[in-house]
1. From the set of residues in region 93-107 that are small (Gly, Ala, Ser) and assigned to a loop (DSSP other than H, G, I, E, B), which is least open to solvent (accessible area, probe 1.4 Å)?
2. Does GLN123 satisfy the condition of being within 26 Å of HIS273 (Cβ to Cβ) and either among the β-branched types (Val, Ile, Thr) or open to solvent by 30 Å² or more (accessible area, probe 1.4 Å) (or both)?
3. Within region 291-310, can you find the residues that are among the basic types (Lys, Arg), surrounded by 12 or more Cβ atoms within 10 Å (Cβ to Cβ) and at pLDDT 95 or above?
4. Under 8 Å between Cβ atoms, which residue pairs at least 6 apart in sequence (or on different chains) link something in region 260-281 that is among the basic types (Lys, Arg) with a partner that is open to solvent by less than 10 Å² (accessible area, probe 1.4 Å) and assigned to a helix (DSSP H, G or I)?
5. Considering only residues of region 182-220 that are under 16 Å from the mean Cα position of the chain (by Cα) and among the hydroxyl-bearing types (Ser, Thr, Tyr), which is modelled with the highest pLDDT?
6. Do the conditions hold for LEU245, that is, is it modelled with pLDDT of 95 or more, of a type outside the set (Val, Ile, Thr), surrounded by fewer than 19 Cβ atoms within 10 Å (Cβ to Cβ) and more than 14 Å from the chain's Cα centre (by Cα)?
7. Looking at region 132-225, what strands (runs of 3 or more DSSP E) fall wholly within it and have at least 2 residues that are open to solvent by 30 Å² or more (accessible area, probe 1.4 Å)?
8. With a cut-off of at least 1 residues that are over 21 Å from GLU303 (Cα atoms) and of a type outside the set (Gly, Ala, Ser), name the helices (runs of 4 or more DSSP H) lying wholly within region 228-284.
Amino acid sequence: MAFAAKIITRSLSTSATRQAAIKHVTVIGSGLMGAGIAQVAAQSGHTVTVVDMTDEILQKAKGSIQKSLARVAKKKFADDPSGGETFVKETMGRLHMATDPKQAVGSADLVVEAIVENLEIKQTLFSLLDENAPQHTIFASNTSSLPIHDIAISTKRLDRFGGLHFFNPVPVMKLLEVIRIPETSDDTFNSLMGFGKAVGKVTVQCKDTPGFIVNRLLLPYMIESVRMLERGDASAKDIDIAMKLGAGYPMGPFELCDYVGLDTTKFVIDGWHKKHPEHPLFQPSPMLDKLVAEGKLGMKTGEGFYKHGK
C-alpha cells in the first residue's frame, strides 16, 4: 500500500508540475487579439514574447497595450495611483517584442497563435515553430472559425496542441473557449484550462466542432436573420428590435453583423459551407454576398445593413 501510495503521489506531483509549467508564453501576432492575449498573460505574471513582422508593428502594439493597462490600473487602483503605476510598469517589464518566431519560441512553455484566418498560412507557421520549439512546448491557436485539427496536422505534436479562443476585447471579455482535438493529451488540456484560469478567464471546454460553442450558435442565427430579410418576412430594423426586446439580446443580428463586419461573417460561413456543403445552416446568403461585393462591410466602411456616420 505504501509503495502504491508513493507511486500515486509521484504521478499526481508530476502531473501538477506539468500543469503549473506555463511561465513563458509566446504570442504570434500583435493585432487586437494578439495584443490582448499578451496583455492578460503579462498582467497575470507570465513572461510574454510578442512576435510580428516588423518593429514598427510591434511598437504600435506595445503602445496599445500600455494604454489598455493604464485603463485597467485606473479602475483597479482607483485609491492607489502609485500602486497603479507599479502595476503598469511591472506588467510592461514582462513584455518582450521579437520579429524572429524561431528564436521567440526557444524558451516558450506555451505558444498562442493569433494571426490571419488563413489555414495555409497557419499551417506554414506552426510547421516552422514545431521545428524550433522545445519538446514540452504546447501549441494553441486562437482561430474562431478554422478546425484546430486541420492546423495541428502541420506539426508532430498533436498531443500538445489545442485551441484557446479568446473574445474581443480580450482584457474585458471573461470567456475563454478551450478546444481539444482527439489527440490532445489530458496533461495538455489541463494545462490549457489552468492557463485560462490563471489569466482570469472563465473557461468552457468544447470539441473541435465548427465555430466551437459561441460562433457555432451565433453565426447561423445571424445568417438566418439575413434569410428572413431576403424573404421579406420583416425589416432589418424590426428584426433587431424584436431580438433586443423579445429575447433580451444587447444587439440585434443586423447591428451585430455590421459591428463584426459583413466580410468576416461571409468568410466564416463560406468556410463552413465549403467543408460541410450539405448543411442547411451553412448555406451562403445572396444578399450578404452582394453587400460584400459592393464594399458595404458594416461600421468599418460606413455602411452595411445600416448606414453609419464616420
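1. My answer is GLY106.
2. Criteria met by GLN123.
3. If the condition is that a residue be among the basic types (Lys, Arg), surrounded by 12 or more Cβ atoms within 10 Å (Cβ to Cβ) and at pLDDT 95 or above, then LYS296 is the only one that fits.
4. Once the first residue is among the basic types (Lys, Arg) and sits in region 260-281, its partners that are open to solvent by less than 10 Å² (accessible area, probe 1.4 Å) and assigned to a helix (DSSP H, G or I) give LYS266/LEU288.
5. Ranking the qualifying residues of region 182-220, first place goes to THR203.
6. yes
7. Ranges flagged: 175-180, 202-207.
8. 236-246, 262-275
The values are calculated or read from the model by the stated rules, or taken from the named source; none is laboratory data. Keep in mind that this is a model prediction, so the values were computed, not measured. Ideal geometry is used to build each Cβ from the backbone, glycine not excepted, and the neighbour counts take in all protein chains shown. Protein only, heavy atoms only, side chains kept; ligands, DNA and RNA dropped before computing areas. Shrake-Rupley method; radii C 1.70, N 1.55, O 1.52, S 1.80 Å.
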